[in-house]
Every structure is written in structure tokens, then in C-alpha cells.
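Colleague: Quick one: the structure is below, questions incoming.
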């Protein structure tokens, strides 16, 4: 009977070892699968990082290009004004003062039109209430028929780019 118990114990141990071997085999397969998945994920992460870096470089190049050529439209618009001034200067030696004055008035009108095309407009200040967002007071004057805080003189026009003040008007304000 001792022999039979020993054989049962050995059979149980062999079966248990077989089960352990099967479990180890399953775990080895699972480890291999996980290693492969990890390798794939690392590769995807590296590709994603490279894609992101390439995207960043492309965007930097686009921003640099935009900065470099952003003023192209403005410059192109002003070239016609520069051409007109050159023609006026060429003819100023032989032209009389009235013709020169008329030419300069036309160039001024062309300049104002060019600025308007670009969204730049001047704003009126005379007889308006002083506004620190639009005006820069250079002095004050006592003017009897005008309410205090009213703009009475303008030394330099103020300009808006669309709806933003890009240069405040230099004004004299009534005391």
C-alpha cells in the first residue's frame, strides 16, 4: 500500500508539474505578447513624437514666412504713391508752382485712398469731448464759448486701423 500511495503522490506531483509547466508556458506567451505590445507602443510613441516635431517645425517656418511677408500688401499699395512722388519730383524743375501744388494734392489724395484701402482712417477731434483713448493733450486754453474738456485745436490728426487707435490726435483742450 505504501507503494500505491507513493505512485499516487508521484502521479499527483507529475500532474502538478505539468500544470505548472503549462502555466509557465502561458505566462511566457503572455510576457512575449506584452513585450511585443510594448515595442509597438514605443514605436508609435516615437512616430507620434517625430510627427509632432515635424509639425512644430512646419508651423515655425510658416510663422516666419508670414512675419517676413506680412507687410507685402501694404508695401505694394504704397509703391504707387512712391511712383507718383518720383514723377512729381522729376517734373518739379520745369513745372510752375500751381502745377506742382496740384500734383502734390493728387498724391495726397492717392495716399489717403491707399490708407483707406488698408483700413486706416483719420478721426475728427475738433469740437469733440476730450477722450484719453483717442487724444493726447499738448496744452489747455481758456476759450469762453466752448465747454471745458472740449478739443479746440488739432496739431496732428489721429488715426484708426479698423477700430483701433494707432495714433492719438495731438490736441489743445478747452479749460
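Colleague: Would you kindly work out the equivalent ellipsoid of the stretch 40-140 from its C-alpha gyration tensor and give its semi-axes, the square roots of five times the eigenvalues, largest first in whole Å?
Modeller: Each semi-axis is the square root of five times an eigenvalue, giving 50, 26, 9 Å.
Colleague: Let me ask you something else. Quick one: work out the % antiparallel among DSSP beta bridges in the stretch 120-175, nearest 5.
Modeller: Once the DSSP bridges in the stretch 120-175 are tallied, antiparallel ones form about 65 percent.
Colleague: While we're looking at this one, here's another question. Taking only Cα atoms, what is the 0 to 90° angle, nearest 10, from helix 2-69's long axis to the longest principal axis of the chain?
Modeller: Helix 2-69 and the main axis of the chain meet at about 10 degrees.
Colleague: Rounded to a whole number, what is D in µm²/s for the stretch 120-175 from Stokes-Einstein with the Kirkwood radius over alpha-carbon pairs (20 °C, 1.002 mPa s)?
Modeller: 194 µm²/s
Colleague: Pairing the Cα long axis of helix 97-117 with the longest principal axis of the chain, what angle in degrees results, from 0 to 90 and rounded to the nearest 10?
Modeller: Approximately 30 degrees, to the nearest ten.
Colleague: If each residue's Cβ is checked for other Cβ atoms within 10 Å, how do 55, 78, 130 rank with the fewest at the top?
Modeller: Listing 55, 78, 130 from fewest to most nearby Cβ atoms yields 55, 78, 130.
Colleague: Can you give the FRET efficiency for residue 166 and residue 51, using 1/(1 + (r/R0)^6), R0 = 45 Å, r = Cβ-Cβ distance, to the nearest 0.05?
Modeller: 0.65
Colleague: Here's another thing I want to ask about it. Using helices alone, what [θ] at 222 nm do you get for the chain, with -39,500 (n - 2.57) per DSSP H run of 4 or more residues, divided over all residues and rounded to the nearest 500?
Modeller: Computed ellipticity for the chain at 222 nm equals -23000 deg cm²/dmol.
Colleague: Give the separation of the Cα centroids, the stretch 12-46 to the stretch 53-86, in Å.
Modeller: Taking the Cα centre of each part, the stretch 12-46 and the stretch 53-86 sit 60 Å apart.
Colleague: Grab the Cα-Cα distance for residue 11 and residue 40, subtract it from 0.36 nm times how many residues apart they are, and report the gain in nm with one decimal.
Modeller: Taking 0.36 nm per residue and subtracting the Cα distance, the gain is 6.1 nm.
Colleague: Then there's this: To the nearest 10 degrees, how steep is helix 72-92 against the longest Cα principal axis of the chain, on a 0 to 90 scale?
Modeller: Here the helix axis deviates by roughly 20 degrees.
Colleague: Additional query: Most exposed first by the Cβ proxy, i.e. fewest other Cβ within 10 Å, how do 135, 108, 122, 162 rank?
Modeller: Going from least to most buried by this count: 162, 108, 122, 135.
Colleague: Report the antiparallel proportion of the DSSP beta bridges in the stretch 20-175 as a percent, rounded to a multiple of 5.
Modeller: Restricted to the stretch 20-175, the bridges split so that about 65 percent are antiparallel.
Colleague: Could I ask something else about it? If you wrap the chain's Cα atoms in a convex hull and average its projection over all directions, what's the area in nm²?
Modeller: Projected over every direction and averaged, the Cα hull of the chain covers 24.3 nm².
Every read-out reported here was derived from the displayed coordinates using simple, explicitly stated rules and does not represent laboratory data. On a predicted model such as this, the values are computed, not experimentally measured, just so you know. With ideal geometry, Cβ positions are generated from the backbone for all residues, glycine too; neighbour counts draw on all protein chains shown.
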